[in-house]
Amino acid sequence: ITTGTFKGLTEKFGCPIDYMTQPIYHDIVKGNPYVNQVLDWDKVLASRYKYVMYPHRRIRNGNWGTNDVHLYDLYAQLCGVEFDKMYMPVARPERFKEIEDSPYITVHNKGGHFLRYYPYIGDVVKLLPKDFGFTFVQIGDKEDPKIEGVVDFRGLSFRESAYVIQKGFYHVGVDSFPSHCALAVGVTQICLFGSGARRVVRPKGKTVDIEPDYVK
């Protein structure tokens, strides 16, 4: 989501961007045309820069969702720039040959919060008619609960997951990284919400959103 700020920040400050994040996330940003280099987060090194954008420092406890600011636009507003399109590089996984000749839909059942777990996707797959014509492919963390009756592609890298999502017909999943990734690579999805209200955390783009009754 932060990649949507890079164009605006480059224009605002008139200089290239160095991006600091944890090593696991480097692959999402590497190769971005607006980024000079990707570095490990280092508070001391960051203090040596002329300009430092640290949006999370400005989000106070209890203020999440204030004014119903959309999550995808939050960083752009905190940085004082216009939100641009997201950047998500892709990489073909070695295993992709197993499904490349079959039309498929990617599914994802668990986000980073326990209330973003949807355990019924396996039941949905079983209810579909035999001639539905699509294979289902599970993506997500290798520790996510396995969905029975689908092709298991859990544990791919971020770039590999993006490639698999991009080559599919649709994405069905919970509010999480893959839901925003699907919109970044231009795939229509059905997005299921749990702990985060749709009006705030929904992805930017074309989605069919299913939100629970939070009282019941």
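The values are calculated or read from the model by the stated rules, or taken from the named source; none is laboratory data. Being a predicted model, the structure only gives us computed values, none of them experimental. Note: ideal-geometry Cβ built from the backbone for every residue, glycine included; neighbour counts use all protein chains shown. Accessible surface is based on the protein model in full, side chains and every heavy atom, while ligands, DNA and RNA are left aside. Shrake-Rupley method; radii C 1.70, N 1.55, O 1.52, S 1.80 Å.
Along the stretch 144-155, what does the Karplus equation 6.51 cos²θ - 1.76 cosθ + 1.60 (θ = phi - 60°) give for ³J(HN,Hα), rounded to whole Hz, x for Gly and Pro?
4, x, 6, 8, 6, x, 10, 6, 8, 10, 5, x
Among all the aspartates and glutamates, which ones have a C-alpha under 17 Å from LYS126's C-alpha, if same-chain residues fewer than 8 places away are not counted?
Reachable aspartates and glutamates: GLU148, ASP152.
For a quick check, take a GNM of the chain with Cα springs below 10 Å and name the residue from GLY140, GLY194, GLY80 with the largest mean-square fluctuation.
Its mean-square fluctuation being the largest, the pick is GLY80.
Please work out which option in [x] -0.39, -0.54, -1.06, -1.15; [y] -0.25, -0.40, -1.24, -1.39; [z] -0.32, -0.49, -1.27, -1.38 gives log10 I(q)/I(0) by the Debye sum over Cα atoms at q = 0.08, 0.10, 0.17, 0.18 Å⁻¹ calculated from these coordinates, and answer with its label.
[z]
By a straight-distance test (C-alpha under 26 Å), which lysines pair with LYS204 as possible cross-link partners, with residues fewer than eight away in the same chain excluded?
Within the straight-line cut-off, LYS204 pairs with LYS7, LYS12, LYS30, LYS85, LYS110, LYS167.
Quick one: with all protein chains in place, what share of the accessible area of the chain is carbon or sulfur, to the nearest percent (1.4 Å probe)?
On the way: 6510 of 12740 Å².
Carbon plus sulfur share of accessible area: 51 percent.
With each run of n ≥ 4 DSSP H residues scored as -39500 (n - 2.57), what mean residue ellipticity at 222 nm is computed for the chain after dividing by its residue count and rounding to the nearest 500 deg cm²/dmol? Write down the numbers at each step before the final one.
On the way: 8 runs with 54 residues, N = 216.
Theoretical 222 nm ellipticity from helices: -6000 deg cm²/dmol.
Classify the stretch 25-99 from the C-alpha gyration tensor, please: rounded if a/c falls under 1.5, else prolate or oblate depending on whether a/b exceeds b/c. Mind showing how you got there, number by number?
Details: a/c = 2.20, a/b = 1.40, b/c = 1.57.
Since a/c reaches 1.5 but b/c is at least a/b, the shape of the stretch 25-99 is classed as oblate.
Which value, in debye to the nearest 20, gives the size of the charge dipole of the chain about its Cα centre, when Lys and Arg are +1 and Asp and Glu are -1 at the Cβ?
540 debye
Relative contact order for the chain using alpha-carbon pairs under 8 Å, separation at least 6, rounded to a whole percent? All intermediate terms of the calculation are to be shown ahead of the outcome.
On the way: 355 pairs, mean separation 42.0, N = 216.
Rounded, it is 19 percent for the chain.
Once you list every other residue whose beta carbon is under 15 Å from the beta carbon of PHE158, what net charge do they have if Lys and Arg are +1 and Asp and Glu are -1?
Values: positive: LYS30, ARG92, LYS142, ARG154, ARG159; negative: ASP27, ASP141, ASP144, GLU160.
Here the count lands on +1.
Using 11 Å as the cut-off for backbone N distance, which residues of the stretch 136-173 belong to the label zone defined by a point 7 Å from the Cα of ASP27 along Cα→Cβ?
Within reach of a label on ASP27, which here means backbone N under 11 Å from a point 7 Å along Cα→Cβ, the stretch 136-173 contributes 155-163.
Quick one: compute the contact order of the stretch 49-160, relative version, from alpha carbon pairs under 8 angstrom and 6+ residues apart, as a percent. Could you put the intermediate results ahead of the total?
Values: 101 pairs, mean separation 25.4, N = 112.
That works out to 23 percent.
For the stretch 6-16, in order, what is each residue's ³J(HN,Hα) by Karplus, 6.51 cos²θ - 1.76 cosθ + 1.60 with θ = phi - 60°, in whole Hz (x at glycine and Pro)?
5, 4, x, 5, 4, 6, 5, 9, x, 8, x
Multiply the residue gap between LYS206 and LYS85 by 0.36 nm, knock off their C-alpha separation, and tell me the result in nm, one decimal place. Mind dumping the intermediate values first?
Numbers: separation 121, 0.36 × 121 = 43.56 nm, distance 1.36 nm.
Taking 0.36 nm per residue and subtracting the Cα distance, the gain is 42.2 nm.
Select from PHE177, LEU127, TYR34 the residue farthest towards the positive end of the dipole of the chain; place +1 on Cβ of Lys and Arg, -1 on Cβ of Asp and Glu, and compute about the Cα centre.
Highest projection toward the positive end goes to TYR34.
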